[in-house]
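All remarks here apply to the structure that follows.
The values are calculated or read from the model by the stated rules, or taken from the named source; none is laboratory data. A quick note: this is a predicted structure, and the numbers were derived from the prediction, not measured. Glycine gets a Cβ as well: all are built from the backbone with ideal geometry, and neighbour counts include every protein chain shown. Heavy atoms of the whole protein, side chains included, go into the accessibility calculation; ligands, DNA and RNA do not. Shrake-Rupley method; radii C 1.70, N 1.55, O 1.52, S 1.80 Å.
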Amino acid sequence: MIRVLQLLNDRVRRYIPALEMIGVLMRIGSFSLVSWLGPASPFLLVWIVNTADAVLLTWCAALKKDRAYTLLNVFWVGVGVVGIVRSTGFTTS
């Protein structure tokens, strides 16, 4: 398992600039969708995309040892999880 994680980290390190750009474009796309569609937005999809890009950007920031962006994106992962839970109706508030 550790070997697999090491191989994945090596692959991510190799492509960090491209992966960060993909993550940023995902975030821009998801928030643009909400801006354009408003209440008609597919909120569950938006939160899934937002959480996926936050995981990707957290991984890149952690490998770069950028504590500020790691913390910021970990926060967005948490926000995304809450958004997913609320969008699926598991909570009543």
For this session: Could you tell me whether ALA62 is open to solvent by less than 40 Å² (accessible area, probe 1.4 Å) and under 20 Å from LEU25 (Cα atoms)?
Result: no
Exercise. Restricting attention to segment 51-93, which residues are assigned to a helix (DSSP H, G or I) and among the aromatic types (Phe, Trp, Tyr)?
Worked result: TRP59, TYR69, PHE75, TRP76
Exercise. Scanning for something open to solvent by 50 Å² or more (accessible area, probe 1.4 Å), part of a helix (DSSP H, G or I), in contact with a helix residue (DSSP H, G or I) (Cβ under 6 Å, 6 or more places away or on another chain) and among the basic types (Lys, Arg), does segment 19-30 turn up at least one residue?
Worked result: no
Seminar exercise, completed: Counted residues in segment 1-48 being in contact with an Asp or Glu (Cβ under 6 Å, 6 or more places away or on another chain) and either among the hydroxyl-bearing types (Ser, Thr, Tyr) or farther than 19 Å from THR70 by Cβ (or both) come to 0
Problem set entry | ARG13 over 12 Å from the mean Cα position of the chain (by Cα), open to solvent by 60 Å² or more (accessible area, probe 1.4 Å) and in contact (Cβ under 8 Å) with a residue 24 or more places away in the chain | yes
Seminar exercise, completed: So, first residue closer than 17 Å to VAL79 by Cα in segment 28-42, second residue part of a loop (DSSP other than H, G, I, E, B) and open to solvent by less than 80 Å² (accessible area, probe 1.4 Å), Cβ within less than 6 Å, six or more apart or across chains; the pairs are VAL34/SER41
Exercise. For segment 34-50, which residues satisfy the criterion of being in a helix (DSSP H, G or I) and either in contact with a strand residue (DSSP E or B) (Cβ under 7 Å, 6 or more places away or on another chain) or open to solvent by 50 Å² or more (accessible area, probe 1.4 Å) (or both)?
Worked result: SER35, TRP36, LEU37, PRO39, ALA40, PHE43, LEU44, LEU45, TRP47, ILE48
For this session: Considering every residue within segment 60-69, establish whether at least one is among the hydroxyl-bearing types (Ser, Thr, Tyr), touching a Leu at 6+ places or on another chain (Cβ under 8 Å) and more than 16 Å from MET21 (Cβ to Cβ).
Result: no
Exercise. For segment 70-84, does any single residue satisfy the condition of being of a type outside the set (Val, Ile, Thr), open to solvent by less than 50 Å² (accessible area, probe 1.4 Å) and either touching a Lys or Arg at 6+ places or on another chain (Cβ under 7 Å) or touching a residue at least 24 places away in the same chain (Cβ under 8 Å) (or both)?
Worked result: yes
